[in-house]
Amino acid sequence: MPASILVVEDEPAIQELIAINLEHAGHAVLRADNAEQAASLVREVLPDVVLLDWMLPGQSGIAFARRLREDDRTRDIPIIMLTARGTEADKVAGLESGADDYITKPFSPRELMARIKAVLRRRSPQLTDETVVIDGLKLDPVAHRISAGDTRLELGPTEFRLLHFLMTHPERVHSRTQLLDQVWGDHVFVEERTVDVHIRRLRLSLEVSGHDRLIQTVRGSGYRLAATA
């Protein structure tokens, strides 16, 4: 699925090459030449992935990665470090700063796409194209279909996104605020009770197959999708 990717790279030719390939793959690209520009962009729009050059003017990529990890709002964003430094010690330093992966220049666009897909699968599975199945409930994000056996279930777009997120994070309790950030998007200002309305609609849509029981209310905390009904 398309993702929002922030490219933090001070070499114009490399930045342009990466951006063109990402856009060709259907991703939305944000660009920054240094850490301060990147921080400004992140304050406005929370990206799904950050591609971060190690050697940046001003604050280094290592320092910026630590900065992202120290902030509750950005600590879970997947980070892929881009660098010409390929020693084992450099790789360890990059990963210890909070990077999820490390790719050494020069690299092929194909390798970069594979790395992006891998970190999204680990960190943000709701952004991948993989079909999810839980207790007979099947969600296909590419075809935008949900079924239970031979029964096709009809969901609105928001309920579909909500179910996709819950199914890719089963058995975890999510607060209303977390669900708003993950499903509606960061910097989208709607009331927390909006989540309750869509949870009710989601349960109604799942009633026909009995899978409404998967959606559990955790009193005082939020909602959870159980692995079995």
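The values are calculated or read from the model by the stated rules, or taken from the named source; none is laboratory data. Small disclaimer: the values here were computed from a predicted structure and weren't measured. Quick reminder, even Gly has a Cβ in these numbers, built from the backbone with ideal geometry, and neighbours come from all protein chains shown.
Yes/no matrix, rows are residues, columns are (1) within 15 Å of A25 (Cα to Cα); (2) assigned to a loop (DSSP other than H, G, I, E, B):
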position	(1), (2)
R110	yes, no
A114	yes, no
K117	yes, no
E130	no, yes
K138	no, no
E159	no, no
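Could you check, for the range 32-40, whether at least one of its residues is within 30 Å of H144 (Cβ to Cβ) and of a type outside the set (G, A, S)? Within the range 32-40 (the criterion being within 30 Å of H144 (Cβ to Cβ) and of a type outside the set (G, A, S)), the answer is no, since none of the residues qualifies.
Can you tell me which residue among S147, S108 is in the same structural domain as N21 (by TED's automatic domain parsing), small (G, A, S), without any contact (Cβ under 8 Å) to a residue 12 or more places away in the chain and more than 20 Å from P2 (Cβ to Cβ)?
S108
Tell me yes or no: at least one residue of the range 145-155 is within 29 Å of G220 (Cβ to Cβ) and touching a strand residue (DSSP E or B) at 6+ places or on another chain (Cβ under 7 Å).
Looking for residues that are within 29 Å of G220 (Cβ to Cβ) and touching a strand residue (DSSP E or B) at 6+ places or on another chain (Cβ under 7 Å), one finds at least one in the range 145-155, hence yes.
Among the candidates R176, R122, R203, the residue that is basic (K, R), assigned by TED's automatic domain parsing to the domain that holds L51 and touching a residue at least 12 places away in the same chain (Cβ under 8 Å) is uniquely R122.
Between H169, H198, H187, the distinction of being part of a helix (DSSP H, G or I) and modelled with pLDDT under 95 belongs to H198 only.
Put simply, of P12, P47 the only residue that is crowded, with 18+ Cβ neighbours inside 10 Å and assigned by TED's automatic domain parsing to the domain that holds G98 is P47. On inspection, R85 fails the criterion of being of a type outside the set (A, V, I, L, M), at pLDDT 85 or above, farther than 29 Å from G222 by Cα and over 14 Å from the mean Cα position of the chain (by Cα). Evaluate the range 29-51: report whether one residue or more is among the small types (G, A, S), modelled with pLDDT of 85 or more and under 23 Å from T168 (Cβ atoms). No: the range 29-51 contains no residue that is among the small types (G, A, S), modelled with pLDDT of 85 or more and under 23 Å from T168 (Cβ atoms).
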